[in-house]
1. If you go through the stretch 579-618, how many residues are out of contact with any helix residue (DSSP H, G or I) (no Cβ under 8 Å at 6 or more places or on another chain) and either farther than 18 Å from Pro469 by Cα or small (Gly, Ala, Ser) (or both)?
2. Hey, among the residues in the stretch 380-392 that are more than 20 Å from the chain's Cα centre (by Cα) and part of a loop (DSSP other than H, G, I, E, B), which one's surrounded by the most Cβ atoms within 10 Å (Cβ to Cβ)?
3. If a residue must be part of a helix (DSSP H, G or I) and surrounded by fewer than 19 Cβ atoms within 10 Å (Cβ to Cβ), how many such residues does the stretch 88-97 contain?
4. Inspect all residues belonging to the stretch 468-487 and state whether any of them is surrounded by 19 or more Cβ atoms within 10 Å (Cβ to Cβ) and under 30 Å from Gln262 (Cβ atoms).
5. Tell me which residues, restricted to the stretch 608-621, are without any contact (Cβ under 8 Å) to a residue 40 or more places away in the chain and either out of contact with any Ser or Thr (no Cβ under 9 Å at 6 or more places or on another chain) or among the aromatic types (Phe, Trp, Tyr) (or both).
6. Condition first: free of Cβ contacts under 8 Å to residues at least 40 places away in the same chain and either within 18 Å of Ser513 (Cβ to Cβ) or crowded, with 23+ Cβ neighbours inside 10 Å (or both). Now tell me which residues in the stretch 595-607 satisfy that.
7. Right, Ala167: over 22 Å from Tyr217 (Cβ atoms), at pLDDT below 95 and surrounded by fewer than 23 Cβ atoms within 10 Å (Cβ to Cβ) or not?
8. Please find, within the stretch 393-419, the residue that is surrounded by the fewest Cβ atoms within 10 Å (Cβ to Cβ) out of those that are in a loop (DSSP other than H, G, I, E, B) and in contact (Cβ under 8 Å) with a residue 24 or more places away in the chain.
Amino acid sequence: MKKNNIITLLGAAVAVSLGFGSCSDVLDEHPRSIFTPDFFGTDQGISGGLNNMYNNLRNMYGQGYYFNACETGTDEFTWGESADANFKDADHSEGAAVTTSQNCRADVIWQPMIININSANQLIEYGQTASASLIAEAYFFRAFDYFLLVQTFGGIPLDFGSGELKANDKPIRTSVRNNVAEVYTRCILPDFEYAVENLPETPRASGTATQTLARLYLAKAYLTYGWWLENPNNIPTYPAVDGQLNGPRKDPNGKTPAEYFQLAYDVAMDGINNPGPYALQNTFYDMCIASNERNSEMMLWADHTEKSELYNGGSLTYGSGGAPDNFAFWMCNWNYPTMVAYANDTLDAKGVMKDPINPVAREAKQGYGRPWTRMAPTYNVFTETFADKTHDSRYDATFQTVYRANWNQNGMDYDKVYCANGMPIKIGDAVLTFLGEDTEGINYNDVATKGGTKGLGVMSGTASYVVDPQHFSRLRYPGPFKISDQRTDYDKTKALGDPNAGSVRPFYIAKFSELYLIAAEAAVKGASGEKTARELVNVLRERAGRWNYSVAEAKAVSFDYSKEMTDATPATIDIDYILAERSREFFGEGYRWYDLVRTQTWIEKAKTYKICGAKSSDTELLEFTRDLDEHLYLCPIPQGQLDGLEMSEEEIAAYQNPGY
């Protein structure tokens with residue numbers, strides 16, 4: 001029996017809305033197993049359809065395998081010690097299989113987005129009794145979904161079987177892909193433009209779409225389409241445009257790439273100058289800390305809550321390892337609970353300390369949480385992207401670099417235990433410190449005497465284990481702080497919370513800060529206006545220089561390095577600097593592959609990388625080469641989609657992207 005049809009009636013989706021902010025803020029809903037055209041003509045149907053679109057965000061954002069598709073194989077991440085083929089294949093380096101329609105994990109994008117697009121078509125077509133602002137949310141999501149699909153796969157069908165951008169109420173088994181230019185000019189750009197004109201300035205409920213959010217995505221779509229038209233590195237597209245797969249491209253509306261870059265700049269500046277309820281947080285830490293989530297900088301998120309499993313979208317006590325859980329951060333969280341300290345400082349007959357314990361327990365606390373060790377950051381992240389760790393607070397607020405003792409929460413009542421160099425530590429002391437710079441004088445071999453955890457370093461006079469960047473490996477590396485979990489429902493019987501459940505934090509999708517980097521990138525591409533690329537970048541760099549808390553030191557601080565940060569900004573900003581700033585600002589949030597593909601720099605930036613190996617004894621920094629080819633700039637159409645087509649073998653083969 002055929003499965004995974006390209007077009008399926010939205011009735012296959014259950015209308016379970018997500019919570020906006022808290023349970024009391026949730027949009028009214030009446031769960032329903034079937035959506036029909038008549039239903040979309042009612043107020044209840046419009047509300048239910050829109051709620052389902054927000055709910056659908058959880059099928060992508062926070063989904064660990066989508067996160068893998070967005071990050072592994074870039075200059076930010078490679079595969080980690082516990083990686084399976086999902087991650088090794090995505091890295092395109094040693095041990096990777098050739099990418100095919102069967103093993104590419106971008107498959108998790110296709111079906112949810114196609115279903116959501118048909119839902120938007122139904123709302124737009126049948127929801128004419130609704131206000132323009134409500135229907136504008138459907139226009140926003142239709143453009144949003146097509147924009148994600150076209151960046152990932154190339155051209156996407158505009159006709160689901162009932163006509164171009166028309167609602168379809170029955171499965172079909174044939175399909176024709178429109179080319180990229182047609183998808184942008186007939187859907188993505190006009191839909192986002194409609195959303196800008198008709199969405200409200202302030203959200204109708206916490207987290208719903210607004211004018212400023214639509215401006216961000218319209219500006220980003222103009223920018224991305226401008227790059228695609230210019231095609232500076234001659235990257236092939238599919239389906240062909242005017243018979244051409246590569247080379248410079250023509251816009252059906254007759255505009256040049258430069259005109260689209262200017263539009264991107266202008267719209268982004270409109271968003272900056274007319275922010276509505278949005279604003280930058282005062283410090284980067286304020287933007288990252290879990291207690292301040294859903295702050296003024298956050299414009300769109302896939303929501304979760306610890307107050308209700310219904311509105312969380314998943315269990316509050318265990319993780320499913322699949323959507324709609326937010327479990328992306330597990331992938332890049334190393335197995336820190338395996339570290340060893342000793343309850344006794346005497347040595348046995350072999351000179352090894354007695355009574356080993358695990359001093360750091362798995363905890364549902366920001367910076368800790370469930371470890372899967374599927375992905376690991378590359379060496380260049382620490383030596384190039386985050387080279388300045390003194391002035392730039394973004395490194396400190398992005399990574400968990402110090403792991404502190406919490407054995408008391410795991411039922412052990414020792415006053416102290418013995419760690420590196422046989423030195424005592426207490427609750428809250430550092431067990432392991434990942435150093436910021438390559439450092440001489442660290443012993444990575446003296447494990448048997450004076451206590452130790454194999455693969456971790458010992459430095460004279462230091463009670464915590466240490467590891468410097470040249471010894472970060474696929475097994476041990478700084479974990480995620482910014483995107484990791486935080487539970488607040490601890491009690492005396494559950495001091496560690498529920499660290500095996502998916503995160504109850506929202507997964508961020510759109511931030512007000514990105515408007516500055518979109519405008520700056522457009523300026524680098526030749527757009528002009530009231531602010532230069534350097535001035536725009538410096539808004540975020542100035543903010544990054546202000547510290548009010550140190551995650552590494554676990555204490556409040558008051559540093560202002562804003563002048564040092566802005567003075568260090570180059571006089572001339574190029575695309576490499578924009579990409580570096582985007583990585584510093586959005587590291588590990590699922591932006592990177594799309595940033596490198598948009599700017600056609602993926603091969604240049606990610607062809608080689610350095611990291612130590614996957615064994616605890618691997619402490620030698622090695623260089624790896626990825627087998628990257630231009631056809632990989634488009635992901636393959638998933639096999640499930642091809643299997644659902646009832647067309648000739650030749651037509652199905654032609655439906656697939658070249659190279660697969």
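The values are calculated or read from the model by the stated rules, or taken from the named source; none is laboratory data. Everything numeric here is computed off the predicted structure, so don't read it as measured data. Every residue, glycine among them, receives a Cβ derived from its backbone with ideal geometry; neighbour counts consider all protein chains shown.
1. Within the stretch 579-618, residues that are out of contact with any helix residue (DSSP H, G or I) (no Cβ under 8 Å at 6 or more places or on another chain) and either farther than 18 Å from Pro469 by Cα or small (Gly, Ala, Ser) (or both) number 7.
2. By that ranking, first place goes to Asp392.
3. 0
4. No, the stretch 468-487 has no match at all.
5. Glu620, the sole residue that qualifies.
6. Selection gives Asp595 alone.
7. yes
8. Met412
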